[in-house]
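Some notes on the structure that comes next.
The values are calculated or read from the model by the stated rules, or taken from the named source; none is laboratory data. Bear in mind the structure is a predicted one, so any value in this text is a computation, not a measurement. Note that each Cβ is placed from the backbone with ideal geometry, even for glycine, and that neighbours are counted across all protein chains shown.
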Amino acid sequence: MGISRALEWTYSGRIFPATEALAGGLVSALHAPDALLPAARALAREIIEHAAPVSVALTRQMMWRMLGADHPMEAHKIDSRAIYARGASGDAKEGVTAFLEKRAPSFSNTVSTDMPAFFPWWKARPYE
């Protein structure tokens, strides 16, 4: 969603239909109430089965923390470190091997023990 749409929605305070939220990119899908949890679980299952947990955790932190970066170079510095670190990981080898062998990957790195040495890259801010 672009800034102009976000500003329009927040400035106006108007209530808009879910179809407009979908068309504007605020949501990625619409589901009937009884189909919502199964769809959310299917998406979660897809992520679990196809993505390395450490890579997902790094991506999440990069996306949220770089939203307010004052220059694209800040994101590039972190992204380059992440690509280098993850490319040297056992998960990278497993991902390539699984792809070549046409099988589901079995990633062994965990968020609790295998985050890259540069993580976290930010300084904790004191509460003021």
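Worth a mention:
- Among the candidates LEU67, LEU58, LEU43, residue that is surrounded by 10 or more Cβ atoms within 10 Å (Cβ to Cβ) and either touching a His at 6+ places or on another chain (Cβ under 9 Å) or closer than 25 Å to LYS123 by Cβ (or both): LEU58
- The residues of segment 93-128 that are outside any loop (DSSP other than H, G, I, E, B) and either in contact with a Pro (Cβ under 6 Å, 6 or more places away or on another chain) or under 24 Å from GLU74 (Cα atoms) (or both), listed by number, are GLU94, GLY95, ALA98.
- Scanning segment 40-62 for residues that are closer than 14 Å to PHE119 by Cα and aliphatic (A, V, I, L, M) gives VAL54, VAL56, ALA57, LEU58, MET62.
- Annotation note: of LEU22, LEU26, the sole residue that is surrounded by 12 or more Cβ atoms within 10 Å (Cβ to Cβ) and either under 30 Å from PHE99 (Cβ atoms) or touching a residue at least 24 places away in the same chain (Cβ under 8 Å) (or both) is LEU26.
- When ILE48, ILE78 are checked against the criterion of being more than 16 Å from TRP121 (Cα to Cα) and either under 14 Å from the mean Cα position of the chain (by Cα) or hydrophobic (A, V, I, L, M, F, W, C) (or both), ILE48 stands alone in meeting it.
- Selection status of SER28, part of a helix (DSSP H, G or I) and hydroxyl-bearing (Ser, Thr, Tyr): no
- Test result for ARG86, touching a Leu at 6+ places or on another chain (Cβ under 9 Å), outside the structural domain of TRP9 (by TED's automatic domain parsing), modelled with pLDDT of 95 or more and not hydroxyl-bearing (Ser, Thr, Tyr): yes
- Any hit, segment 107-114, residues being touching a residue at least 60 places away in the same chain (Cβ under 8 Å), surrounded by 14 or more Cβ atoms within 10 Å (Cβ to Cβ) and either within 30 Å of ALA29 (Cα to Cα) or not small (Gly, Ala, Ser) (or both): yes
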